[in-house]
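One structure is given below, encoded as structure tokens.
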Amino acid sequence: MNQNSNIEFISRESLEKLQLSRLKETLRRVYSFSPFYKNLFKKEGLTPSKIKSLKDLPLIPFTTRKDLRENFPYGLLSIPLNDVVRLHTSTGTTGKPKAVFFSRNDINSSAELIARSMKMTGAEKGDVFQNMMGYGLFTGGLISHYGAERLGLLVIPAGAGNTERQIELMFDFKTTVVHITPSYALYLADVMEEKGFNPKKDFNLRILYLGAEPYSEKTREKIERIFTVDAYNSYGLSEMNGPGVAFECKYKEGMHLWEDNFIMEIVDPSTGEPLKEGEEGELVLTSINKEAMPIIRYRTGDLTYIYPEKCNCSRVHRRISRIKGRADDMLIIRGVNVFPSEVERILMDLPEVGRNYQIVLDRKKDLDKMKVRVEIKRDFFDGSLDHLKKVEIKIKAKLKDELMVTPEIELLEPSSLPRTTGKAKRIIDKREI
Ligand SMILES: [Zn+2]
């Protein structure tokens, strides 16, 4: 992979030249193979030759999740089916999942992006990588697996769940690197302690990759403290690559999005109008290094912004901020916009708060009600009732102050909320539509 590592440090001009040539090739491919794109271009009176510079990209309409569903399974396929070597799906909450396809070269370039990302954080040959991402149809497991092997790590394909076995593997094989969801990392620490282990001292962990669900900076700090590790943010989505679309470098300030593989834009989520660097909006991605199923101007639904400044590491690939949430994750409580990730940030900032919380939404007499159920650390929970009441008032005031909503607060003892081995179910919405 070394022959490609200078791609991280080439000039902006060379990078954009590469982007344009890859974009043109991608457009020719989708136009000649994919029934969906052929139609879309025709409807707009476009041909690939009309896209002469990167600035022309917005002439092409967005591709949405709805387009993927409506053209399931093969409408966006851009190579003959017998050149496809792998399919993955991403779970949809309703209806058909989204299917994504990989050619042999796609598998290689996906692995390369993971290898590059891991290398950037300091992982190297000699590290033992325990992959706790789900294997199977979900891209998280297999794509990370291939990338880590490519970098030369010893890979333990543990998959998600089975926490006691995870701990045993980590202990027996002296795992140093783990890919995990943030909520599962916290749960893992709980179980380690229950089993009499010290997460700080009894293991050889040094690097954690966190991803697959939004979480706050405070949660990262908490996880780093619990395990004494460096925890890095990662970003990915099945439609683009799976994991490895963007990753943090050692400076941990924003994630470098691999711009030799993707063109990124930030748009206003309601109007689709382009926004400037530094302005927060919806991330739109175009895959420019894919054969089987490139997607043009894909509305990811993820809210972020591009850092206008260059990173201290001097990589040319620009950084995106941690994902604030999905545009459609936003809750509207009595007319106030609330992101669950903000609730989490505020909660995790309070010393009394433990490791888990849940937001319950309900509607009474046409009014939305929000209840925050939150686990309190043992020391605080076992204090006097008076003291508990004070904690409750403090949490309520803090949320009201920063979010302009006054939720009902329910304090819970540690480990009382249901614990999950994958993505946490943080929001229970009981409102009737
Ligand atoms: Zn950097």
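Filter segment 229-250 for residues that are open to solvent by less than 10 Å² (accessible area, probe 1.4 Å) and away from the ligand (no atom under 14 Å from the Cβ) and give the result.
Within segment 229-250, 231, 240, 241, 242, 244, 245 meet the criteria.
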Determine if segment 41-54 includes at least one residue that is part of a helix (DSSP H, G or I) and surrounded by 16 or more Cβ atoms within 10 Å (Cβ to Cβ).
yes
Provide a single number: the residues in segment 282-321 that are touching a residue at least 60 places away in the same chain (Cβ under 8 Å), within 16 Å of the ligand (Cβ to nearest atom) and surrounded by fewer than 21 Cβ atoms within 10 Å (Cβ to Cβ).
7
Pair list, Cβ < 7 Å and 6+ apart or interchain, from segment 104-122 residues that are open to solvent by less than 10 Å² (accessible area, probe 1.4 Å) and more than 13 Å from the ligand (Cβ to nearest atom) to residues that are charged (D, E, K, R) and not in a helix (DSSP H, G or I):
106/290; 106/291
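Kindly indicate which of 253, 259 is farther than 16 Å from residue 302 by Cβ and within 11 Å of the ligand (Cβ to nearest atom).
On the way: 259 fails: within 11 Å of the ligand (Cβ to nearest atom).
Going through 253, 259 in turn, the sole match is 253.
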Expected single match for in contact with a helix residue (DSSP H, G or I) (Cβ under 7 Å, 6 or more places away or on another chain) and of a type outside the set (Asp, Glu) among 96, 55, 66 is 96
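Quick test for you: out of 394, 369, pick the one residue that is assigned to a strand (DSSP E or B) and open to solvent by 20 Å² or more (accessible area, probe 1.4 Å).
Numbers: 394 fails: assigned to a strand (DSSP E or B).
Answer to the selection: 369.
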Go through (1) open to solvent by 40 Å² or more (accessible area, probe 1.4 Å); (2) touching a residue at least 24 places away in the same chain (Cβ under 8 Å); (3) away from the ligand (no atom under 16 Å from the Cβ); (4) in a loop (DSSP other than H, G, I, E, B) and name the single condition residue 332 misses.
(4)
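The values are calculated or read from the model by the stated rules, or taken from the named source; none is laboratory data. Note that the coordinates shown come from a computational prediction; the quantities given were computed from them, not determined experimentally. All Cβ positions, even for glycine, are placed from backbone atoms using ideal geometry, and neighbour counts span all protein chains on display. Surface accessibility is based on the protein's heavy atoms, side chains included, excluding ligands, DNA and RNA. Shrake-Rupley method; radii C 1.70, N 1.55, O 1.52, S 1.80 Å.
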